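Asks: Sharing a structure, written as structure tokens. Questions coming.
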Amino acid sequence: MTDLKKYITDIPDFPKEGIIFHDITTLLQSGEGFRETVDELIKRLENVEFDAIIGLESRGFIFGAPVAYALGKSLVPVRKKGKLPRKTVSVEYLLEYGTAEAEMHADALKKGDRAVIIDDLIATGGTLEAAVKLTEQLGASVVKILCVAELEELGGRERLGGYDMESLIFYGK
């Protein structure tokens, strides 16, 4: 695998002073970089048996959709509260400053389904943890979590201990 960091632009002091924002839009703007990223996500699923890919709003959709398409799997969106039109299950989760609520359609997964969760980034792990809870609420299991990038110093991986998780790029520590 090539170093995917070369496609990501670091923006100092965004959104506030002292923060380095790792901007993946430049990775998406590179056809080569985007293809390499999707191909690597697919490669990480070669020996994984699963039924569905769960993509987290919104960049998890960007990476989850081509993986689901390539592997002939369904794509299940996890969205912010109030964005899905049919009956949903929901879970509240902690943000750095407050709480939020994530939802999934109540019929998106069946009991016994095996799911892979895909997102662009794991930081504190709150959104991914919410997706795990939604999946398990429906009687499905999470067999793997894939992230393009991981901010190691924020401890999200520890929050998701016990789940098979891989990231393609690491920042921090």
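The values are calculated or read from the model by the stated rules, or taken from the named source; none is laboratory data. Because the structure is predicted, anything quoted here is derived from the model rather than measured. So basically every Cβ, Gly included, is an ideal-geometry build from the backbone, and we count neighbours across all protein chains shown. Areas reflect the complete protein model, heavy atoms only, side chains present, ligands, DNA and RNA absent. Shrake-Rupley method; radii C 1.70, N 1.55, O 1.52, S 1.80 Å.
Here is a yes/no grid of residues against (1) buried (at least 16 other Cβ atoms within 10 Å of the Cβ); (2) free of Cβ contacts under 8 Å to residues at least 60 places away in the same chain; (3) over 12 Å from A140 (Cβ atoms):
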{"position": "G72", "(1), (2), (3)": "no, yes, yes"}
{"position": "V76", "(1), (2), (3)": "yes, yes, no"}
{"position": "R79", "(1), (2), (3)": "yes, yes, yes"}
{"position": "G82", "(1), (2), (3)": "no, yes, yes"}
{"position": "K87", "(1), (2), (3)": "no, yes, yes"}
{"position": "A100", "(1), (2), (3)": "no, yes, yes"}
{"position": "H105", "(1), (2), (3)": "yes, yes, yes"}
{"position": "G112", "(1), (2), (3)": "no, yes, no"}
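Asks: I'm checking my understanding of the structure. Among residues of region 1-19 that are within 26 Å of R35 (Cβ to Cβ) and either touching an Asp or Glu at 6+ places or on another chain (Cβ under 8 Å) or hydroxyl-bearing (S, T, Y) (or both), which one is surrounded by the most Cβ atoms within 10 Å (Cβ to Cβ)?
Replies: Out of the qualifying residues, it is I8.
Asks: Related question: With the requirement that a residue be without any contact (Cβ under 8 Å) to a residue 60 or more places away in the chain and open to solvent by less than 50 Å² (accessible area, probe 1.4 Å), what does region 32-44 give you?
Replies: Start the filter on region 32-44 by keeping residues that are without any contact (Cβ under 8 Å) to a residue 60 or more places away in the chain, which leaves 32-36, 38-39, 42-43.
Within region 32-44, G33, E36, V38, I42 qualify.
Asks: Being over 18 Å from E49 (Cβ atoms), over 14 Å from the mean Cα position of the chain (by Cα) and of a type in the set (A, V, I, L, M) is the filter here; which residues of region 105-137 pass it?
Replies: Answer for region 105-137, where residues must be over 18 Å from E49 (Cβ atoms), over 14 Å from the mean Cα position of the chain (by Cα) and of a type in the set (A, V, I, L, M): A106, A108.
Asks: A follow-up question, please. Could you go through region 142-155 and let me know if any residue there is open to solvent by 80 Å² or more (accessible area, probe 1.4 Å) and either out of contact with any Phe, Trp or Tyr (no Cβ under 6 Å at 6 or more places or on another chain) or part of a helix (DSSP H, G or I) (or both).
Replies: Within region 142-155, one or more residues are open to solvent by 80 Å² or more (accessible area, probe 1.4 Å) and either out of contact with any Phe, Trp or Tyr (no Cβ under 6 Å at 6 or more places or on another chain) or part of a helix (DSSP H, G or I) (or both).
Asks: Can you find a residue in region 124-137 that is among the small types (G, A, S) and in a strand (DSSP E or B)? Before you say what the answer is, go through the steps one by one.
Replies: So the first thing to find is which residues in region 124-137 are among the small types (G, A, S), and the list is 125-126, 130-131.
Imposing the further condition that a residue be in a strand (DSSP E or B) reduces the set to none.
Within region 124-137, none of the residues are among the small types (G, A, S) and in a strand (DSSP E or B).
Asks: Considering only residues that are under 19 Å from F170 (Cα atoms), among the small types (G, A, S) and touching a Phe, Trp or Tyr at 6+ places or on another chain (Cβ under 8 Å), which ones fall in region 16-58?
Replies: G33
Asks: Please go through region 156-170 and give me each residue that is in a helix (DSSP H, G or I) and open to solvent by less than 20 Å² (accessible area, probe 1.4 Å), ordered by number.
Replies: G156
Asks: Search region 120-141 for residues being of a type in the set (S, T, N, Q) and in contact (Cβ under 8 Å) with a residue 60 or more places away in the chain, and hand back the single one that is least open to solvent (accessible area, probe 1.4 Å).
Replies: T135
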